[in-house]
Amino acid sequence: MMRTSSFLLFALLLFGCAHNENTVTQISTIDALLAGGYDGSAQIKNLKSYGDFGIGTFDRLEGEMIILDGQVYQAKADGRIYKVGQGTTPFASVSLFRPDITMKLGSPVDFKAFEMFADSLIKDDNLFYAVKAEGKFKAMTVRSVPAQSKPYRPLAEVVRTQPVFEYKDIEGTIVGYRLPAYVKGINVAGYHLHFIDSSKTYGGHILAFEMTGGTVSIDKQNKFRMILPEKGLEELDLAKDRSDELHRVEKYKAP
């Protein structure tokens, strides 16, 4: 009986891995988040069934999500990292990270040069890619956002008062995605990256950085699964073009 149960468990794990291989599973849409759809619709504990790697946010938009090696981390508005096992998320992208290529950086890079380096490893601009970079950083600038109260303001307004943190000479991991242009409105086209330091103490949504050494790993994803919330979308204006809002949210840093 014990051997049969063990075999069934092993078979289920294998099926789960195969089912999620090369697949990005997404909770809701980026435009819903931009419009103020901050109520969590998916259980954090269920995200692991989709993969061991990813980014997102939390119920009421409380902080930035980093999923690394199967553990969900929350970078709160105090700039600190917390392990999370419960709660909900209004937006997340999750995948099983099995890199197709890993390359060592040949020279220091800033955010733009990093994008160019990663792009050189990508063969098809029209596919999805999970991106991980591990190494040393001369500088890392990240943000997070505090929990919001109803009525929710649009995200482009929330980030105007976001806490921003700047770290010097820090080691850690970049976690995120490089997505094609046609996902506009669904997710972030281009690079969307979060950071967690090696001590799992600091992190957040990346605004700028200087990486002095390390490796960059790319995992090609050719399957996409989206899970929409069962309620709440009817309250949002998702017909509006929010491209300008997204740019402000992704790159905004208060003067």
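Checked against the criteria, A130 counts as assigned to a strand (DSSP E or B), surrounded by 13 or more Cβ atoms within 10 Å (Cβ to Cβ) and within 16 Å of the chain's Cα centre (by Cα). Just a yes or no: is a residue in segment 156-164 at pLDDT 95 or above, crowded, with 16+ Cβ neighbours inside 10 Å and within 27 Å of G70 (Cβ to Cβ)? Within segment 156-164, none of the residues are at pLDDT 95 or above, crowded, with 16+ Cβ neighbours inside 10 Å and within 27 Å of G70 (Cβ to Cβ). Scanning segment 221-235 for any residue that is modelled with pLDDT of 95 or more, touching a helix residue (DSSP H, G or I) at 6+ places or on another chain (Cβ under 8 Å) and hydrophobic (A, V, I, L, M, F, W, C) turns up nothing. Taking segment 208-217 as the range and being out of contact with any Gly (no Cβ under 9 Å at 6 or more places or on another chain) and open to solvent by 20 Å² or more (accessible area, probe 1.4 Å) as the test, the residues that pass are A208, E210.
Number of residues in segment 137-147 that are crowded, with 17+ Cβ neighbours inside 10 Å and not aromatic (F, W, Y) equals 6.
Just so you know, in segment 174-184 the residues that are outside any helix (DSSP H, G or I) and open to solvent by 20 Å² or more (accessible area, probe 1.4 Å) include one that is modelled with the lowest pLDDT, and it is K184. Checked against the criterion of being out of contact with any helix residue (DSSP H, G or I) (no Cβ under 7 Å at 6 or more places or on another chain), closer than 24 Å to A118 by Cβ, open to solvent by 70 Å² or more (accessible area, probe 1.4 Å) and touching a residue at least 12 places away in the same chain (Cβ under 8 Å), the candidates S198, S243 yield just one match: S198.
Number of residues in segment 158-195 that are free of Cβ contacts under 8 Å to residues at least 60 places away in the same chain and of a type in the set (K, R): the value is 2. I'm trying to understand the selection: among the residues of segment 51-66, which are part of a strand (DSSP E or B), in contact with a helix residue (DSSP H, G or I) (Cβ under 9 Å, 6 or more places away or on another chain) and over 18 Å from P163 (Cβ atoms)? Listed by number, the residues that qualify are G54, G56. Do we have any residue at all in segment 229-251 that's in contact with a strand residue (DSSP E or B) (Cβ under 7 Å, 6 or more places away or on another chain) and in a strand (DSSP E or B)? Within segment 229-251 (the criterion being in contact with a strand residue (DSSP E or B) (Cβ under 7 Å, 6 or more places away or on another chain) and in a strand (DSSP E or B)), the answer is no, since none of the residues qualifies.
The values are calculated or read from the model by the stated rules, or taken from the named source; none is laboratory data. The structure displayed is predicted, hence computed values, not measured ones. All Cβ positions, glycine included, derive from the backbone under ideal geometry; neighbour counts span all protein chains shown. When the accessible area is computed, the model is the full protein with side chains, heavy atoms only, and any ligands, DNA or RNA have been set aside. Shrake-Rupley method; radii C 1.70, N 1.55, O 1.52, S 1.80 Å.
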